[in-house]
Amino acid sequence: MSRETEFDRWEERLRKSAVTHPRIFPSAADKSSIPFVDYSSMKLKPGRRKKPRWLEKEGLCFVGCWEILAWRRYSGIATTWEEEDYAFEHSQEFINDVKALGCNAVVLPYDCSHGEEFNEEQVQLTKRFIELLHKNGLKAGTYFRPDIIWMETLSKKELDELDGCFQVDYNGLLIQPFGSAARNICYHHEGALNRFRRHVSRAITDLKTDILHLDGMIIGGHEGDGCRCAKCRDDFRAFLVGRYGHDRKLAESRFGHPFLEKMEVPDRSAPFDSGASRPHWCEWIAFRCLWTSRIMSEVALLAKELNPEVMIEINNALPAVRENAALLTGQDVIGTGFYTDASWSEDAYGPRLHENGLMIQRIRQFKLCRAAGTFGLTYMHEKDERLLRQNLAHTAAFNMGNIGCIGFPPHMNFSNRYNVHFETKCRFMRWLNDNREYFRGTVSDAGIAVWRARENMAISGKLAYAAAMRMEQLLIETCRGFDIVFEEDVKVLEKYDLVIVPNMECMSLRQIEGLLKYVEKGGSILVGQDSGQYDLWHRRRIEPCWSVLFGGKSARNVSADAVAEGIAGVFVSAGTRGASDRITRVTYGKGRAVYMPQVVDPATQPSLMKADGSMDCGLDYTNWVVPEKAKEIGRAIDWLLFGKQAFTVNAKRGMLTEFLVQDNKKRRIVHLVNLGHKPQERCTLDIRIPGIDSIDVISPPTDMPAKWRTRKKGQETQVFLDRIDTYAVVLIEQKL
């Protein structure tokens, strides 16, 4: 019999002194009430900006035409027909093609980071062409590249305005990822901001733009090579004083000392793999997110004042599926939605069922955008006609009917050419525009939430993202409707039947208690791996935070074990299992809970870092797979839902599903997209909702027509889809 130590008795007294329901001792982070990003200080408060009415009505499909002639020549992408090409791209004949495609906009060159005097001739050309577009009933977008400056084209006056505004790294060296002639701009300097404001104002008031296309909208660069100029350092210290300067004890608890005005900025070794645990990195992420949102709020306010019907779309890192966008680029995923309408996804994860079985798509990217209150923008670059139809279908289905960039002019040296399969694009877009009413004003009808809470994920490591991806992949491949949720407040989750917390390692006590109450009242949760093992300062909790539900079975720390084993020189291979790896099911109050000890094995995960310390954002299919225990998890999900699903889809692998509701639940819409190499037969949709008035199925004329029939079976209605080529939309009208 082991003898009890003084430590054991002390620890028990400390536990008993905790007044919280799950007997978790509140940490300093739990007691703190400092918001991740304080939006009360923004020029434009959240909720004060409305989406453009034309965008809500028409959606967005455009031709990209933003590379100016000077840049084509400078970068080496000009053709031998450069002047003839450029003349065509500003002609009525070009507009005729755009209209035939069913597009409603063209994005044109404007502020491509060149000198104002040098660029004036191009600005006037763009202005005249915008007038022609408007006469043809089309919208015009103006291209900005606000993150860089091409030094060789700037006047002395401009150089004086931008004096000191260029990004430098931790060692004081200029950051020049675009070559020796380019400089990255730091928007902590008033000169850079003034220039940006001036260009935005002119685009709206003089050129009459309808869309601000902000490419490279990254404030401070990519971490691993981010800005560390003197102004950034001063602003970071002021930020810390503003957050902690009122409470010396809190500052000491957070940083180990209260000397905030002396705090150093982090070096360039960003914690892409482990997540931010050191306080200066955690606070640096919050600081960068604040500044990005602050600049975006200024742009949104300016646009609102000059023309509230101007759309704002940005290209940064919002729909990154495996990368921590908050750490990488200072992107607050919630703030993005306050001030913009759409975000770019330029990754190479186009929809495709690969020969090796991988089922790749952009469903996550679109759901990430939708969670932020925006939609995604991507390309239609497939040369294979069936792959193109699948991309068009899956983008329409999961992206609220917004196709994005359907192509570029043929000689712009891009693979995404609008004249490739021109007739297929025309016919699909004509069908989409004719059926726009079924894509407008829809909301998700999903009963499952995958929780990627904004602040929690901002300081988490690669395993948190890997686990989320694998759980999402399982839901995608089993045709289950789900939403991705960014909000930190558990109350937002109460509308869902099931909340999945794949591996959200950092959680507040309020969030843990909130989920327990949610289950107690009848909700269901699936908790994975290390969820809740750390607080929101990324400090390890001593107590098993889910012990009220699972006892000591939830105490395992997979991430910490992997780190410890790595440090000790011991490598545990994938597949190592123990008794604690078994899934645990429990009932609690009126609800149900499942604990999954390991969603993703650390040994399967490559490093996200390159040798130079930057993040590797290259193509990586590692986590485009389901968890190893997918069948067991699937059965657990069925048990957790216990018959609450309104829809069930039975189809061969390769079918994608999206469940939406419209018109105050009078209309339910089920999108079915087939990524298979040939049409699917014998797909079944089971519907368990009352008061069905009628059912219809529509599909684009680019497909073979869908064959379908219905049958009433007790309280269920079944839709038998005997053939789905690439796309079918099931319209269910209800009597309410």
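The values are calculated or read from the model by the stated rules, or taken from the named source; none is laboratory data. These numbers were taken from a predicted model, which means no experiment stands behind them. No Cβ is skipped: glycine too gets one built from the backbone with ideal geometry, and neighbour counts run over all protein chains shown.
Couple of notes before you dig in:
- Selection of helices (runs of 4 or more DSSP H) fully inside region 454-550 by the criterion of at least 1 residues being modelled with pLDDT of 95 or more and out of contact with any Leu (no Cβ under 9 Å at 6 or more places or on another chain) returns 454-458, 462-477, 509-520.
- Residues (without any contact (Cβ under 8 Å) to a residue 60 or more places away in the chain and part of a loop (DSSP other than H, G, I, E, B)) located in region 677-706: Lys678, Pro679, Glu681, Arg682, Arg688, Ile689, Pro690, Gly691, Ser699, Met704, Pro705, Ala706
- Some residue of region 152-167 being surrounded by fewer than 18 Cβ atoms within 10 Å (Cβ to Cβ), in contact with a Lys or Arg (Cβ under 9 Å, 6 or more places away or on another chain) and closer than 25 Å to Arg268 by Cα: yes
- Among the numbered conditions (1) assigned to a helix (DSSP H, G or I); (2) at pLDDT below 95, the only one that Asn171 does not meet is (1).
- Count of region 96-145 residues which are surrounded by fewer than 19 Cβ atoms within 10 Å (Cβ to Cβ) and either closer than 26 Å to Asn402 by Cβ or not assigned by TED's automatic domain parsing to the domain that holds Glu67 (or both): 9
- Applying the set (1) within 26 Å of the chain's Cα centre (by Cα); (2) within 30 Å of Glu82 (Cα to Cα); (3) touching a residue at least 60 places away in the same chain (Cβ under 8 Å) to Ala396 leaves exactly one unmet item: (2).
- All of (1) crowded, with 22+ Cβ neighbours inside 10 Å; (2) polar (S, T, N, Q); (3) more than 29 Å from Glu505 (Cβ to Cβ); (4) within 19 Å of the chain's Cα centre (by Cα) hold for Thr329 with one exception: (3).
- Restricting attention to region 176-200, the residues that are more than 15 Å from Lys231 (Cα to Cα), in contact (Cβ under 8 Å) with a residue 24 or more places away in the chain and in a loop (DSSP other than H, G, I, E, B) total 3.
- For region 313-337, the set of residues classified as in a helix (DSSP H, G or I), among the aliphatic types (A, V, I, L, M) and within 25 Å of Ser607 (Cβ to Cβ) consists of Ala325, Ala326, Leu327, Leu328, Val333, listed by residue number.
- Search result, residues across region 392-414 that are of a type in the set (Phe, Trp, Tyr) and closer than 30 Å to Tyr74 by Cβ: Phe408, Phe414
- The requirement of being touching a Phe, Trp or Tyr at 6+ places or on another chain (Cβ under 9 Å), buried (at least 24 other Cβ atoms within 10 Å of the Cβ) and under 22 Å from Glu477 (Cβ atoms) is satisfied by Ala397.
- Candidates in region 244-296 are the residues that are within 30 Å of Arg195 (Cα to Cα) and among the basic types (Lys, Arg); of these, the one that is nearest to the chain's Cα centre (by Cα) is Arg288.
- Looking only at residues in region 338-363 that are within 12 Å of the chain's Cα centre (by Cα) and either of a type in the set (Lys, Arg) or outside any loop (DSSP other than H, G, I, E, B) (or both), the one that is surrounded by the fewest Cβ atoms within 10 Å (Cβ to Cβ) is Arg362.
- Residue identified as within 18 Å of the chain's Cα centre (by Cα), under 23 Å from Phe659 (Cα atoms) and of a type outside the set (Asp, Glu) among Met457, Met504, Met469: Met469
- Any hit, region 607-624, residues being among the small types (Gly, Ala, Ser), surrounded by 18 or more Cβ atoms within 10 Å (Cβ to Cβ) and touching a residue at least 40 places away in the same chain (Cβ under 8 Å): yes
- Looking at region 206-311, the helices (runs of 4 or more DSSP H) lying wholly inside it that each contain 3 or more residues that are under 30 Å from Phe62 (Cβ atoms) sit at 279-306.
- A count restricted to region 304-331 and to residues that are of a type outside the set (Lys, Arg) and farther than 18 Å from Lys462 by Cβ stands at 14.
- Residues of region 96-105 satisfying the condition of being under 34 Å from the mean Cα position of the chain (by Cα) and assigned to a helix (DSSP H, G or I): Asp97, Val98, Lys99, Ala100
- Yes/no for Asn391 being touching an Asp or Glu at 6+ places or on another chain (Cβ under 6 Å), over 18 Å from His213 (Cα atoms), polar (S, T, N, Q) and surrounded by 19 or more Cβ atoms within 10 Å (Cβ to Cβ): yes
- If the condition is being part of a helix (DSSP H, G or I) and surrounded by 14 or more Cβ atoms within 10 Å (Cβ to Cβ), then region 54-86 contributes Trp54, Leu55, Glu58, Leu69, Ala70, Trp71, Arg72, Tyr74, Glu82, Asp85, Tyr86.
- The test for being over 23 Å from Pro146 (Cβ atoms), in contact with a Pro (Cβ under 8 Å, 6 or more places away or on another chain), touching a residue at least 60 places away in the same chain (Cβ under 8 Å) and in the same structural domain as Glu190 (by TED's automatic domain parsing) holds for Ser277.
- Of Glu89, Glu93, all but one fail to be crowded, with 20+ Cβ neighbours inside 10 Å, more than 29 Å from the chain's Cα centre (by Cα) and of a type in the set (Asp, Glu); the exception is Glu89.
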